[in-house]
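Values in this text are rule-based calculations from the coordinates and carry no lab data. Please read these numbers as outputs of a predicted model, since none were measured by experiment. Cβ coordinates were reconstructed from backbone atoms using ideal geometry, including for glycine residues, and neighbour counts include every protein chain displayed.
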Amino acid sequence: MRDVTDYIGTRVPKPDRERSLIVIAANMIERFICPACGGRPLRLEVDEVSDGIIVEGSLGCPDCKRWHRIRDDIPTLMPPELAASLRAAGERWEEWREQMSSFILQRERDGSVSDEAARRADAKRAMHERFIAFCDFPQDEFACIDIGSGSGHIADLLAEPCDYLGIDPLPAGRAPGSELPTHIPRPSRPVTLIQGVGERLPLVDDCFDAAIIAGTLAHCRSPEELLAETLRVLRSGGTLGLMQETVEEDEGIGGRVRSLVSKLTGGDSDSRGQVRLHSFTSSRLLELLCTRFDCEKQSADESGRQFLRATAPEM
């Protein structure tokens with residue numbers, strides 16, 4: 001077997017190859033742990049390489065001996081009860097899986113009208129620019145995890161010295177067995193992406209300087225577990241930037257009713273047609289964040305989202 005550095009993060013991407021900007025950075029793979037048992041370091045085995053891309057490979061756990069597949073440079077590091085296809089073993093993830101199916105269908109409908117999809121993409125890009133400016137992340141070299149990253153396109157808005165890792169249950173934003181819809185933006189800089197979930201981050205403790213959670217709390221299985229995991233992987237004093245759409249304070253009961261309905265329907269749609277599993281008032285969102293983080297500032301964006309900046313408590 002050739003040395004890891006023969007394959008990881010060393011190529012010059014081809015501009016005509018979709019997903020060619022996805023790389024497994026050597027300084028990221030060292031932070032991976034087995035999502036089943038937490039074992040490390042994971043051993044890289046490469047089965048097929050093309051143009052420097054690991055087309056097929058795997059990461060082996062030295063403790064539980066499980067092997068985790070790599071395809072097109074994206075490792076699958078899902079919890080053992082969740083398959084890469086999003087099939088769930090048992091009831092723990094079943095409601096979330098149904099909501100994700102509804103989310104994927106809604107995303108496809110959003111892109112069915114090209115003019116409207118283009119308008120939404122421009123508005124979302126502007127919103128993300130305001131959000132990243134609000135977060136005030138370091139401008140010198142820092143490591144950042146984006147939880148619920150989709151394709152990883154938000155990396156384009158971060159300072160160049162940033163070591164970026166995106167994690168999403170849809171690898172590179174792709175639904176199982178599908179390609180990324182054309183209206184979804186792609187990153188224009190190299191990014192490291194893994195398939196996984198925020199409630200079980202397959203990463204060592206204290207390994208990132210910053211974290212991004214942009215809309216993910218409404219779609220995850222457990223916001224509390226996701227925030228606890230985010231705190232675990234952030235270094236003391238690390239920055240968390242959180243963006244989330246909220247309901248009005250007097251809609252709190254309605255939001256809870258929607259969450260109850262989602263248990264029966266696999267995800268409810270709000271007044272804007274957005275599928276979500278959880279609803280938050282701005283005060284509830286702040287309360288949820290402040291139970292673990294030191295909250296520094298909060299702002300209501302013109303998009304209807306709340307922007308929050310917090311730091312991991314100094315230990």
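Peptides 214-223, 90-99 ordered by packing proxy, namely the average of other Cβ atoms within 10 Å per residue, highest first: 214-223, 90-99. For region 76-197, the direction-averaged projected area of the alpha-carbon convex hull comes to 8.1 nm².
Taking a temperature of 25 °C and a viscosity of 0.890 mPa s, what whole-number D in µm²/s does Stokes-Einstein yield for region 22-114 with Rh from Kirkwood over alpha carbon pairs? It comes out at roughly 162 µm²/s.
Pairs of C-alpha atoms in region 17-67 farther apart than 13 Å represent 60 percent of all such pairs. Measuring r between the beta carbons of T291 and E45 and using R0 = 51 Å, the FRET efficiency lands at 0.80.
Here the dipole of region 21-180 is about 480 debye; that uses its Cα centre as origin and unit charges on the Cβ of Lys and Arg (positive) and Asp and Glu (negative).
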